[in-house]
Amino acid sequence: MKAYTIHVTGIVQGIGFRPFVSKLAHELGIVGTVRNDTSGVEIHIQGVDADCQLFVERLQSELPIHGRIDTLQMEPTELQTLDDFTIILSHGVKGHAFIGADMAPCEACLQDIQDPENRRFHYGFTNCTNCGPRYTIIESTPYDRDKTSMKVFPMCENCQKEYDDLNGRRYHAEPNACEHCGPMFTLKGADGTVLTTGLDAIEQAKEHIQNGSIVALKGVGGYHLVCDALQENAVQSLRQRKGRPRKPLAVMAGSLEIAKQYVHISEKEEELLLSPARPIVLLQKITERTIAPSVAPGMATLGILLPYAPYHYSLIPSEALWVMTSANRSGDPVLYDDVQAAEELQGIAEYILTHNREIISPVDDSVVQVVQNEPILIRRSRGYVPLSILVVPLEKSPTMLAMGADMKASFGMNRGSHAILSPYMGDMEHQRVQDLLWITTKRYEDLFQLQPTQVIVDAHPNYYTSQCGRIYAEKHQLPVIEVQHHHAHVAAVLAEHNIQDPVLGICFDGTGYGTDGTLWGGEFLYCHKEYMERMAHLSYAPLPGGEIAVREPWRQALWYVNQLYPAGAPTVLEQWKESLPKGWQLLEKMMPHMQMIQSSSGGRLFDTVASLLGLGYEHLYDAHLAIELEQLALSEKGSILDMKMDETVLDTMSLVRSVIEQLECGESVAKISANFHRTLIYYIGQMAKQCCEKRQISHIVLCGGVFQNRILLGGVMQELQGYKVHVPTQSPMNDGAIALGQLWLGSYINR
């Protein structure tokens, strides 16, 4: 007989790890104990040595589906007087263990809620050790019921029996509950009047939605606005009331089968739709089937998600398509507080379907698309956070706080080699997002018991996140490290793939503060560990009016027109000028005398071309014009136009001239868009090959928000066949990845 103490770290709390350990021990005839502790799980085993060794092997090879073992330490210890294997109370007051993300119902729980003979038939909060809420309900670790928002729901006798049943799926499932003892739904009118509760509340809400009403639904991580996506009047009403005129709305399909009638779904896309994370997946529309035009105007794609909470299966019919969009005001973070929701949803939702389980940590829905069979994250939130990302160079680094960027804000911290990114929060120009940044930073410190010893910020002097980082550092008397924006973009991909070799980082985005004081965004960077050198870039163009030119791309387009045709523009452009917003003539006269910041931004180039093609003059939502330019080109085959390049510069002036010449010839805007995309793809490839040959580079990284354009990303990946091309798949393509890159660079700067 032997006795061992085993300590395991990783994602081993909140995923049914202790029940799994207990069942395995009983199967092998081993006695002992298992408990959560402040950093993971502590196991004591006693038995025949061969059985103990087999236990450790199977512990690692048969791990629960959502678990991950990072370290396992096994030490001999003294035999104790034990006659069984038991789960005991957690050790420690507060812990810093990793915890799991919120997960969609498993197949067994789905069977429970769909079985009329089961006591959980249509119970909206059904879960087990393999599924259910995690991050959104946890107050602190170790992960026990009394440290979650389920602590106010004492288990009934039947639920307690399940919780104690060694052979059951709900053995020590902390959120375990049923309709007799657990959370409950309530349907309220717009004025807050309680109309009904329980399953009847869900049934009545369903009827209201089917009859064309707008219902606010409290979900896993916040409130949604819901209406029937096949009823144009309902969708238009939602847009008008929410003040969201054009941004595409996400749609929940009642089943995979109904989704397949409206969008094309590849094997990889289906895998994402059905994954426990249940993100919104951007999919190509089937043109023969139409939903309400206002759901995604001007778009050839549709954001689809499948039910990811038990109550969705009772609420949304399997044959339905319902708009499921976040209920927060434009620019604000996800709405999750019940009192605030009741106030802000007046005049928008006709009914509110809410529940009495508190949301501890708000999360928005995650968004993903598939390009060249690679999952490309656009928003990393529910289902993905707070899962850590293994970053090998961080192993010996102190704990750092990386503040990220102002757009698509997400910060990060590390514990050893693990980077823990925050959920997507929004854009820092909004006060509530700024408030959420401070709240969530403090929450991560407490939840994971992390105390940063350094702060890393973007080099942009005016970023709110950078200013916050300096305030935090001053308060705690910590050093601050500045990191260039696009270097961090590239570094995020290096971190994810653990690339130690030199790479060519091709980073195209909207704006990033360059080392020369201009705004970069169309960059070819030589990167090796903490070293970065700019090898090439898009040519500079000014931003007339500064920040306002980002919101109103016609301003930069007008600059291009005046540069190309100083003696008078062709008729098609004179007509275009006459359609511009009031005041353009004054701006045209002033531009030769204005001090204008220079930009090499790929995002601004897309905006300029979209504006010249008449797609709009200002953004109604983030990247609005660039997205619609991409949508135009999805069904067209492009040709290569003229674009000049030398050793260090891709000349955007020549490309814009080519676009205008196509307009003069009467070419369709869809064909011009396709030609623009094809030309940029070809010349990015040519410049990349030139740079790689110059420095003998075999690895290429593609990153930055502009590469969320699936035509551009897929085209450049094909253009660079023969090189080792890397894209982010665990962190977003956009600024949501900046914090990860900052942590990676910090690990080298600290050496």
* To do: With respect to L494, determine if the residue is over 20 Å from D427 (Cα atoms) and modelled with pLDDT under 95.
  => no
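Against the definition (surrounded by fewer than 22 Cβ atoms within 10 Å (Cβ to Cβ), in contact (Cβ under 8 Å) with a residue 40 or more places away in the chain and closer than 25 Å to T136 by Cα), how does R18 come out, yes or no?
When the stated conditions are applied, R18 does not pass them.
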* Kindly provide the set of residues from the range 32-45 that are farther than 20 Å from Y163 by Cα, among the β-branched types (V, I, T) and part of a strand (DSSP E or B), ordered by number. => I45
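Only one of G705, G685 is under 30 Å from A495 (Cα atoms) and in contact with a Gly (Cβ under 8 Å, 6 or more places away or on another chain). Can you tell me which?
That would be G705, the only listed residue that is under 30 Å from A495 (Cα atoms) and in contact with a Gly (Cβ under 8 Å, 6 or more places away or on another chain).
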* Asked: Before we move on, is H460 closer than 30 Å to L283 by Cβ and over 17 Å from the mean Cα position of the chain (by Cα)?
  -> no
* Applying the selection to the range 249-302, what residues are out of contact with any strand residue (DSSP E or B) (no Cβ under 7 Å at 6 or more places or on another chain), in a loop (DSSP other than H, G, I, E, B) and at pLDDT 95 or above? -> G254, S255, K260, Q261, S275, A277, A292
* Asked: Could you give every pair whose Cβ atoms fall below 6 Å, whose first residue belongs to the range 526-544 and is touching a residue at least 40 places away in the same chain (Cβ under 8 Å) and part of a loop (DSSP other than H, G, I, E, B), and whose second residue is buried (at least 21 other Cβ atoms within 10 Å of the Cβ) and of a type in the set (S, T, Y), counting only separations of at least 6 or pairs across chains?
  -> S539/T652; Y540/S600; L543/S599
* **the range 559-578: number of residues that are in a loop (DSSP other than H, G, I, E, B) and either acidic (D, E) or loosely packed, with under 11 Cβ neighbours inside 10 Å (or both)** => 3
* Asked: Restricting attention to the range 680-734, which residues are of a type in the set (S, T, N, Q), surrounded by 18 or more Cβ atoms within 10 Å (Cβ to Cβ) and touching a Leu at 6+ places or on another chain (Cβ under 8 Å)?
  -> Q730, S731
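Looking for whichever is closer than 29 Å to M103 by Cβ, touching a residue at least 24 places away in the same chain (Cβ under 8 Å) and assigned to a helix (DSSP H, G or I) here; the options are L199, L217, L187, L225. Which one fits?
On inspection, the qualifying residue turns out to be L199.
Go through the residues of the range 68-76 one by one and say whether even a single one is surrounded by fewer than 21 Cβ atoms within 10 Å (Cβ to Cβ) and part of a loop (DSSP other than H, G, I, E, B).
There is no residue in the range 68-76 that is surrounded by fewer than 21 Cβ atoms within 10 Å (Cβ to Cβ) and part of a loop (DSSP other than H, G, I, E, B).
Condition check ((1) of a type outside the set (D, E); (2) crowded, with 22+ Cβ neighbours inside 10 Å; (3) at pLDDT 95 or above; (4) within 26 Å of the chain's Cα centre (by Cα)) across all residues:
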| position | (1), (2), (3), (4) |
| --- | --- |
| E547 | no, no, no, yes |
| H619 | yes, no, no, yes |
| A626 | yes, yes, yes, yes |
| I640 | yes, no, yes, no |
* Scope the range 12-22; condition within 13 Å of L63 (Cβ to Cβ) and either in contact with a Cys (Cβ under 6 Å, 6 or more places away or on another chain) or assigned to a helix (DSSP H, G or I) (or both); matching residues -> F17, R18, P19, F20, V21
* Asked: Is it true that T71 is at pLDDT 90 or above and of a type outside the set (D, E)?
  -> no
* Asked: Of everything in the range 419-453 that's surrounded by fewer than 20 Cβ atoms within 10 Å (Cβ to Cβ) and outside any helix (DSSP H, G or I), which residue is modelled with the lowest pLDDT?
  -> Q449
* Asked: Of all residues in the range 394-405 being crowded, with 21+ Cβ neighbours inside 10 Å and modelled with pLDDT under 95, which is farthest from I15 (Cα to Cα)?
  -> S397
* Asked: Can you pull out the residues in the range 527-547 that are of a type in the set (D, E, K, R) and either touching a Gly at 6+ places or on another chain (Cβ under 8 Å) or within 19 Å of Q484 (Cα to Cα) (or both)?
  -> K529, E530, E533, R534
* **Tally of residues being surrounded by 15 or more Cβ atoms within 10 Å (Cβ to Cβ), closer than 18 Å to G198 by Cα and either touching a Leu at 6+ places or on another chain (Cβ under 6 Å) or touching a residue at least 12 places away in the same chain (Cβ under 8 Å) (or both) across the range 100-155** => 12
* Could you give me the residue pairs with C-beta distances under 9 Å whose first residue belongs to the range 644-655 and is under 17 Å from F508 (Cα atoms), whose second residue is among the β-branched types (V, I, T) wherever it lies, and which are 6+ apart or on separate chains? => L650/I684; T652/T608; L655/V609; L655/T679
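The values are calculated or read from the model by the stated rules, or taken from the named source; none is laboratory data. As the structure is a prediction and not an experimental result, all values here were calculated from the model. Ideal geometry is used to build each Cβ from the backbone, glycine not excepted, and the neighbour counts take in all protein chains shown.
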